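Structure record follows, encoded as structure tokens.
Derivation of every value follows stated rules applied to the coordinates shown; laboratory data play no part. What you see is a predicted model; the values in this text were computed from it and never measured. Don't worry about glycine lacking a Cβ; one is built from the backbone with ideal geometry, like all the others, and counts go over all protein chains shown.
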Amino acid sequence: MAGLDGQWNSRRSPVYARNGMVACSQPLAAEAGLSILKKGGNAADAAVAVAAALNVTQPTHTGMGGDAFALYFDAKTKQVRGINGSGRCPSELSIDKLEELGYSEENRPAITSPLWITVPGAPAAWVDTVEKFGSGKLHLLDVLSPAISLAENGYPVNVMTVYRWKNNERLLQTASPNG
């Protein structure tokens with residue numbers, strides 16, 4: 001909480017860097033972003049690397065099956081541009097179709113119903129972010145390589161992830177049409 005003098009009171013020291021910095025909720029994902037900066041990538045490239053690594057290391061918090069949004073400030077043009085990676089509903093799903101199935105504003109599908117699932121927007125947003133705002137020095141595969149390595153080679157699973165998996169095991173099993 002900020003004090004009366006406007007200073008932020010924290011037990012942590014400020015962190016400074018000369019050539020870039022990456023901050024996120026998972027150290028291995030931050031390392032993925034930092035590795036991209038070290039290879040000549042820019043903030044957009046690093047952000048996609050972090051997002052992809054978070055999909056691997058914190059799957060209960062984020063997922064490529066969801067949405068992604070980005071705001072990018074171009075220091076050269078002084079413009080802010082954005083990416084809207086929100087998922088779309090399936091083309092065959094309409095209000096008429098939902099009503100035909102017996103749903104209404106008062107009678108919505110269960111939260112575990114597949115009718116809530118949208119077409120994932122995150123993967124396209126990652127591609128768009130690298131193509132439109134990336135450094136141009138790295139290909140998408142280069143940007144995704146740290147996450148791919150984590151997925152292929154393994155990583156220590158966070159205690160909270162283990163807890164959430166275990167806590168939601170029954171929900172995941174019953175929500176799946178495959179049991």
Condition check for Arg88: farther than 27 Å from Ala32 by Cβ and in contact with a strand residue (DSSP E or B) (Cβ under 6 Å, 6 or more places away or on another chain): yes
Matching residues, the stretch 92-146, being under 15 Å from Ala44 (Cβ atoms) and basic (Lys, Arg): Lys132, Lys137
Tabulated pairs, the stretch 57-79, first without any contact (Cβ under 8 Å) to a residue 24 or more places away in the chain, second of a type outside the set (S, T, N, Q), C-beta under 6 angstrom, 6+ apart or interchain: Thr62/Leu54; Leu71/Val80; Leu71/Gly82; Phe73/Val80
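If a residue has to be touching a Lys or Arg at 6+ places or on another chain (Cβ under 8 Å) and either assigned to a loop (DSSP other than H, G, I, E, B) or surrounded by 15 or more Cβ atoms within 10 Å (Cβ to Cβ) (or both) to count, how many in the stretch 105-137 make the cut?
4
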Residue under evaluation Thr118, criteria (1) touching a Pro at 6+ places or on another chain (Cβ under 6 Å); (2) touching a residue at least 40 places away in the same chain (Cβ under 8 Å); (3) not acidic (Asp, Glu), criterion not met: (1)
Unmet criterion (only one of (1) in a strand (DSSP E or B); (2) over 21 Å from Leu138 (Cα atoms)) for Thr62: (1)
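For the stretch 139-174, what are the residues that are in a helix (DSSP H, G or I), within 30 Å of Lys38 (Cβ to Cβ) and hydrophobic (A, V, I, L, M, F, W, C)? Walk me through it before giving the result.
First, the residues of the stretch 139-174 that are in a helix (DSSP H, G or I): 140-153, 159-167, 169-174.
Applying the additional criterion that residues be within 30 Å of Lys38 (Cβ to Cβ) yields 140-153, 159-161.
Result: Leu140, Leu141, Val143, Leu144, Ala147, Ile148, Leu150, Ala151, Val159, Met160.
Scan Gly102, Gly41 and give me the residue that is part of a loop (DSSP other than H, G, I, E, B), of a type outside the set (S, T, N, Q), out of contact with any helix residue (DSSP H, G or I) (no Cβ under 6 Å at 6 or more places or on another chain) and within 19 Å of Val143 (Cβ to Cβ).
Details: Gly102 fails: within 19 Å of Val143 (Cβ to Cβ).
Among Gly102, Gly41, only Gly41 is part of a loop (DSSP other than H, G, I, E, B), of a type outside the set (S, T, N, Q), out of contact with any helix residue (DSSP H, G or I) (no Cβ under 6 Å at 6 or more places or on another chain) and within 19 Å of Val143 (Cβ to Cβ).
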